[in-house]
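Below is one structure, written out as structure tokens, with a few remarks after it.
The values are calculated or read from the model by the stated rules, or taken from the named source; none is laboratory data. All values reported here derive from a predicted model rather than from experimental measurement. Note that we place each Cβ from the backbone using ideal geometry, even for glycine, and neighbour counts take in every protein chain shown. The accessibility values were calculated without ligands, DNA or RNA, using every heavy atom of the protein model including side chains. Shrake-Rupley method; radii C 1.70, N 1.55, O 1.52, S 1.80 Å.
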Amino acid sequence: MGSFNITYDEVLSLVHNACTTISADALQLMKKACEAETKAEAKALLESMIDNVDQAGRFDKPVCQSPGLPTIYIRFGDNADLSGLTKWLPQAVMECTKNGYIRPSIVHPLTRHNSGDSSGVGIPNFEYQYRPGQEYMEVIMSAKGCGAELANLSTILTPATLGPNYVGLKKLVLETVVKGGGFPCPPSAIGIGIGGQMDISAKLSREAISTRDWRDQHPDPMIAEIENELLTNINALGIGPAGIGGDTTCLSVKIGYAATHTAICPVTINFHCWVARRFGVHFYPDGSREYLFQEAM
């Protein structure tokens with residue numbers, strides 16, 4: 001594939017690996033939460049989840065029976081050749097499905113017809129971002145579980161309901177977490193999209209939790225403070241892993257925002273279960289690679 005030297009086998013290996021493990025940042029947070037958990041039942045469940053990841057990797061099995069829905073973020077500069085990736089990534093998802101690493105769960109939204117190979121209109125979902133002058137091509141694939149989607153929420157706040165010190169936003173997040181309970185397969189990670197119109201806030205919420213390292217700090221100090229405050233307050237709710245109670249309800253909160261109209265403040269709250277099946281790679285023109293969320297393979 002041009003000077004980037006990307007091959008189908010490399011793409012297939014990346015998708016395969018994403019099926020049989022979780023990203024390193026998520027696994028580190030799981031282990032940290034397990035060490036700090038004070039409730040015996042919750043600690044045992046976290047240990048079981050971590051062991052499941054280990055077993056899946058050692059025996060080359062899917063880390064979770066739910067395959068999620070794959071979204072692929074491609075951020076590219078002036079000299080990128082995207083033709084191979086847009087062909088090979090859907091092909092790799094279908095091959096991994098046929099080989100048993102992904103359960104065939106993609107269906108027509110109305111008829112519910114199942115293709116049997118994880119193919120369908122708009123699958124995988126590609127999100128392209130052109131970045132002038134960027135030398136490398138960044139590719140991130142995230143197969144976010146869909147059971148967690150059942151707890152998601154999109155709404156439109158106003159300046160009045162946003163409230164002083166954004167109390168309306170914070171209350172909305174906490175109420176949504178309480179209502180979700182154990183449905184999002186906690187410990188979860190939560191992406192919050194703020195601004196734009198409703199479609200933009202939804203995309204921002206997915207992008208924030210899918211493409212950021214779950215251990216990072218937002219570069220905007222105000223946003224970073226809100227993320228940290230929400231994470232602390234969510235875990236104080238005591239919902240715990242799988243909703244059985246405990247100290248660990250949420251692993252990370254990530255916010256993405258965009259400017260909006262003076263009359264509105266769209267907000268989308270997007271749950272991501274602890275199974276973070278994703279990979280990220282920077283492909284350089286000289287053929288070198290920089291891996292995100294994982295060790296080089």
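I want the antiparallel fraction of DSSP beta bridges within the chain, as a percent rounded to 5. Walk me through the numbers before you get to the answer.
Working: 31 of 45 bridges.
Around 70 percent antiparallel, to the nearest 5.
Anything over 28 Å Cα to Cα? Flag those among Lys32/Lys87; Lys31/Lys98; Lys31/Lys87; Lys61/Lys144; Lys39/Lys170; Lys61/Lys179, in the order listed. The partial results should precede the final answer.
Numbers: Lys32/Lys87 39 Å; Lys31/Lys98 32 Å; Lys31/Lys87 37 Å; Lys61/Lys144 18 Å; Lys39/Lys170 26 Å; Lys61/Lys179 33 Å.
Listed pairs above 28 Å: Lys32/Lys87; Lys31/Lys98; Lys31/Lys87; Lys61/Lys179.
Accessible area per residue, 1.4 Å probe, Å², for region 128-234: what's the number?
On the way: 4970 Å² over 107 residues.
Per residue, region 128-234 has an accessible area of 46 Å².
What does the charge count near Gln217 come to, summing +1 for each Lys or Arg and -1 for each Asp or Glu among other residues with Cβ under 15 Å from its Cβ? Please list the in-between numbers first.
On the way: positive: Arg212, Arg215, Lys254; negative: Asp25, Asp213, Asp216, Asp220, Glu225, Glu227, Glu229.
Summing Lys and Arg as +1 and Asp and Glu as -1 gives -4.
With +1 on each Lys and Arg Cβ and -1 on each Asp and Glu Cβ, how big is the dipole of region 1-115 about its Cα centre, in debye rounded to the nearest 20? Numbers along the way, then the final one.
Details: 11 positive and 13 negative charges, 78 e Å.
Dipole magnitude for region 1-115 comes out near 380 debye.
Report the relative contact order of region 245-297, percent, no decimals, based on alpha-carbon pairs under 8 angstrom and at least 6 residues apart. Numbers along the way, then the final one.
On the way: 21 pairs, mean separation 11.1, N = 53.
So the answer I get is 21 percent.
Report, in whole Å, the centroid distance computed from the Cα atoms of region 172-212 and region 83-128.
Comparing the Cα centres of region 172-212 and region 83-128, I get a distance of 24 Å.
Run down the aspartates and glutamates and flag those whose C-alpha is under 18 Å from the C-alpha of Lys43, throwing out any fewer than 8 positions away in its chain.
Glu35, Asp51, Asp54, Asp247
Determine the sum of side-chain charges near Ile74: Lys and Arg each +1, Asp and Glu each -1, restricted to other residues whose C-beta is under 10 angstrom from that of Ile74. Could the numbers behind the result be given before it?
Values: positive: Arg75; negative: Glu127, Glu138.
Its environment carries a net charge of -1.
Can you tally the net charge around Cys64? Count Lys and Arg as +1, Asp and Glu as -1, for every other residue whose Cβ sits under 14 Å from the Cβ of Cys64. Spell out each step's value before the answer.
Numbers: positive: Lys61, Arg103, Lys144, Arg277, Arg278; negative: Asp51, Asp54.
With Lys, Arg at +1 and Asp, Glu at -1, the net is +3.
Starting from region 95-191, pick out the GluC sites (Glu not before Pro) whose DSSP state is loop and whose Cβ has at most 16 other Cβ atoms within 10 Å. Present the calculation step by step, with values, prior to reporting the outcome.
Details: sites: Glu95, Glu127, Glu135, Glu138, Glu149, Glu175; in loops: Glu135.
Loop-located and lightly packed - Glu135.
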